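First the structure, in the form of structure tokens, and then the observations on it.
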Amino acid sequence: QSALTQPASVSGSPGQSITISCTGTRSDVGGYKYVSWYLQHPGKAPKVIIYDVDKRPSGVSNRFSGSKSGNTASLTISGLQAEDEADYYCSSYRSSSTFAVVFGGGTKLTVL
Amino acid sequence: EVQLVESGGGLIQPGGSLRLSCAASGFTVSSNYMSWVRQAPGKGLEWVSIIYSGGSTYYADSVKGRFTISRDNSKSTLYLQMNTLRAEDTAVYYCARMDYTSPTYFDYWGQGTLVTVSS
């Protein structure tokens, strides 16, 4: 059981928009601005696409956007493209006596 | 160009030990926050350990007391010493650089090395 809850799968057609949710608690998602999103293609390393809830690293398409409300963070992908088909993971800092980062269980995005 | 290359994975029996290496280029390991993240076959990501630029180290509860993160500044290499390995430690292990301003922002990742714990 993962620390953060994501839907197992989402799907959309090319050109559409989809949103993936990531639900945690006040001790992680709800308590900090430190939420990141990663995409992972099969057999490849994860790649960060959103950090600090809604910031995009240099070079990441503006079709990816992030937001947060309460204990739930969201990733929205607009203008779906075939190459967006991948696994998506959220991550959050978690309050602890030491350092702790938690991930969601991952969401498989299928582009129909 | 920033590059991270892991090595040292393989098949190991339960209770055994293994040391993973992560050779870094394009930046200085000692000046950065470096982490290990693992992914069991067909499963999600799990943060394992981190070493700060100042040398402080932290571990996930699942590996605390069994794994040790370290670095060799002269070789610009990160290590993960894994002892008392269990079947549930089977995973691809990635090393990743963390942006020190944001604790979940892993901006560079290696390609991963597979550790299989099985008799």
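What follows draws every value from the coordinates through simple rules; no lab data is involved. It should be emphasised that the depicted structure is a prediction, and the values quoted were computed from it without experimental measurement. Here Cβ is always computed from backbone atoms with ideal geometry, including for glycine, and neighbour counts include all displayed protein chains.
Extent of segment A:3-47 along its three principal axes (Cα atoms, max minus min coordinate, largest first): 35, 24, 18 Å. Of the trypsin sites (Lys or Arg not before Pro) found in segment B:66-100, those in coil by DSSP whose Cβ has at most 14 other Cβ atoms within 10 Å are B:Arg86.
Scaling against 2.2 N^0.38 Å puts the C-alpha radius of gyration of segment A:29-112 at 1.10. Using a/c under 1.5 as the rounded threshold, could you call segment B:32-119 rounded, prolate or oblate? The axes a ≥ b ≥ c are square roots of the C-alpha gyration tensor eigenvalues, and prolate needs a/b larger than b/c, oblate otherwise. It comes out prolate by the Cα gyration axes.
From largest to smallest, the equivalent ellipsoid semi-axes obtained for segment B:31-71 from the alpha-carbon gyration tensor read 20, 12, 7 Å. Here each label is just a point 7 Å from Cα along the line to Cβ, and for B:Arg86 and A:Lys108 those points are 2.7 nm apart. The mean count of C-beta atoms from other chains within 10 Å of the C-beta of residues in A:89-101, rounded to a whole number, is 5. Inter-chain Cβ neighbour count for B:43-51, averaged per residue, equals 5 (cutoff 10 Å, partner chain atoms only). Legend: distances between Cα atoms for A:Lys108/B:Lys75; A:Lys68/B:Lys75; A:Lys44/A:Lys68; pairs beyond 30 Å are A:Lys108/B:Lys75; A:Lys68/B:Lys75. Within segment B:1-73, the GluC sites (Glu not before Pro) that combine a DSSP coil assignment with at most 16 other C-beta atoms in a 10 angstrom radius are B:Glu1. Computed over segment B:61-101, the Cα gyration tensor eigenvalues convert (square root of 5λ each) into semi-axes of 22, 13, 10 Å, ordered from largest to smallest. Taking a cut-off of 22 Å, what percent of all Cα-Cα pairs in the protein assembly as shown are separated by more than that? Roughly 51 percent, rounded to a whole number.
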